Each structure stands twice: as C-alpha cells, then as structure tokens.
Amino acid sequence: KKVNPAMHIEHKVGDKMYVDYAGVTLPYVDTDTGEIKQAQVFVAILGWTQYAYVEAMRNQTIEEFVTACENALHYFKGVPLAIVPDNLKSGVTKAHRYDPDINANYQHVGEHYRFAIVPARAGEPKDKAKVENAVGCIERQILAPMRHMTFTSIAEINAAIKPRLAEFNKKSFQKMKTSRQELFEAVDKPALQPLPAEKYQYAEWQRAKIHIDYH
C-alpha cells in the first residue's frame, strides 16, 4: 500500500527505437507571409545505446511523422525489431491498453521496413522512459542554446541542429567512459536489420462513398 514498484526494463541490442516529440518548439519566420510558425521537434533513440536522432518538422501529421521515422532509420543505417511511439494521433488511431489501432499508413511503413509497432500505454510514461529522459537532455543541450537564433525555414533549423546532435552523441556519459556514438558503432549498428532497397511510397488512405448515380 505504501510502495508503487516499477519494473526494470532490460533493453536489448538492436531491439527497439523509441520516438517522441519534444515539449519545446522552435519558432521560424515564414518569408512568404511574415508569419511566425512553430516547428515541432521529433526525437528518436535506440533503447540500448541511447544513440539519438533529432529533426525539426512542420507539424505532427502522419506524413511528417512517417518521414521523420524514415529519416531516423536512415540516420541509424539500419532497422530495429520494433518502434515504440507515444499514442499520438498520427501513429495510433485508437488507443488501447493492450491492442491499439495503428494508423494504416504507419502500419504499411512497419511492413515495408520490417519492424513491429508497439505503442506505449496511454498515461504510462515509464513505458518509454528512455526517450523521455533523452528528450529532456536534448531540450537542455541542443534546443535551449538555439532559442535566441532567428530561422526562416525548417531546413535552416535542421542545419543548426545537425552539428549539435553530432556533439551530443559524441559526448561521454557522466558515469561511463564512453559515448553514445562509440556504443552505437560497436554494438547497436551491427545488430540492426538492413534497410530495404527503396524508401516507403507514402499514400493517402480514404473511405469513399458511392453516389446515388453509382459513380
């Protein structure tokens, strides 16, 4: 009654990639309209090494989400056995504790790249504690120093993120004499499945209604 025990998750090499969006957004100026827009920051990490990928996206739609996941897989140069997303609408159409409904397009991405989709349970951040911790580190070490910079496009933001991400992955852990980059190259990278020859062809899925004149 007094203790709420938490299960320790044993992460395996090349097993899971955790994905999430940072709570911090990055503003940029739309040069066509002069409007200030907010870029969403996508974060992916490999569970065992915590090797990270970060990318700014226009929004959190399924098309942008699929593109970000694909870019992360190509950045890692391999495919894990499973991807663990949050219950965001672009990946999960209906949340459920044990059997959630996966977005059709995202399901086809999983079939194309040969990975399982295992969404974290709704309201259970401990299911993806690794990426939650990584997001906090990325917000402090990568995104916070960029908050006073002015950007005019998503491409400019990603150009600024790239060297900072490389530095983040090469930085040694506080309690270990190694870095995410070194662990990834030595252990995680060889364990990942190979990438398919071609990228996924994105498609829009809709349910059509037949008109009264049968057209």
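Based on Cα atoms of segment 137-186, Rg over Rh with Rh as the Kirkwood radius reads 1.07. Looking only at 80, 27, 163, which one moves most when the chain is put into a Gaussian network model with springs between Cα atoms under 10 Å? Of 80, 27, 163, the most mobile in the Gaussian network model is 163. For residue 77, a cut-off of 18 angstrom between C-alpha atoms picks up these aspartates and glutamates, skipping any fewer than 8 places away in its own chain: 15, 55, 111, 182, 185, 188, 198. Mean-square fluctuations from a GNM of the chain, with a 10 angstrom spring cutoff on Cα atoms, peak among 23, 14, 136 at 23.
So what is the relative contact order for the chain, in percent, with contacts set as C-alpha pairs under 8 Å and at least six apart? Answer for the chain is 25 percent.
About its Cα centre, what dipole magnitude does segment 1-72 give when the only charges are +1 on Lys and Arg Cβ and -1 on Asp and Glu Cβ, stated in debye to the nearest 20?
On the way: 6 positive and 10 negative charges, 130 e Å.
That gives segment 1-72 a dipole magnitude of about 620 debye.
Dividing the radius of gyration of the alpha carbons in segment 1-42 by their Kirkwood radius gives 1.33 for Rg/Rh. Counting charges near residue 153 (Lys, Arg +1; Asp, Glu -1) among other residues having Cβ under 12 Å from its Cβ returns a value of -1.
The local environment of residue 142, defined by Cβ-Cβ distances under 14 Å, has a net charge of +4 under the rule Lys, Arg +1 and Asp, Glu -1. If you take the square roots of the eigenvalues of the alpha-carbon gyration tensor of the chain and sort them as a ≥ b ≥ c, do you get rounded (a/c under 1.5), prolate (a/b over b/c) or oblate? Taking the square roots of the gyration eigenvalues as a ≥ b ≥ c, the chain is oblate. Translational diffusion coefficient of segment 24-93 (Stokes-Einstein, Kirkwood radius from Cα pairs, 37 °C, 0.692 mPa s): 244 µm²/s.
All of the numbers you see were taken from the coordinates with simple rules; none came from a lab. Just so it is clear, the structure is predicted and the values come from calculations on it, not from any experiment. Positions of Cβ are backbone-derived with ideal geometry, glycine not excepted, and every protein chain shown enters the neighbour counts.
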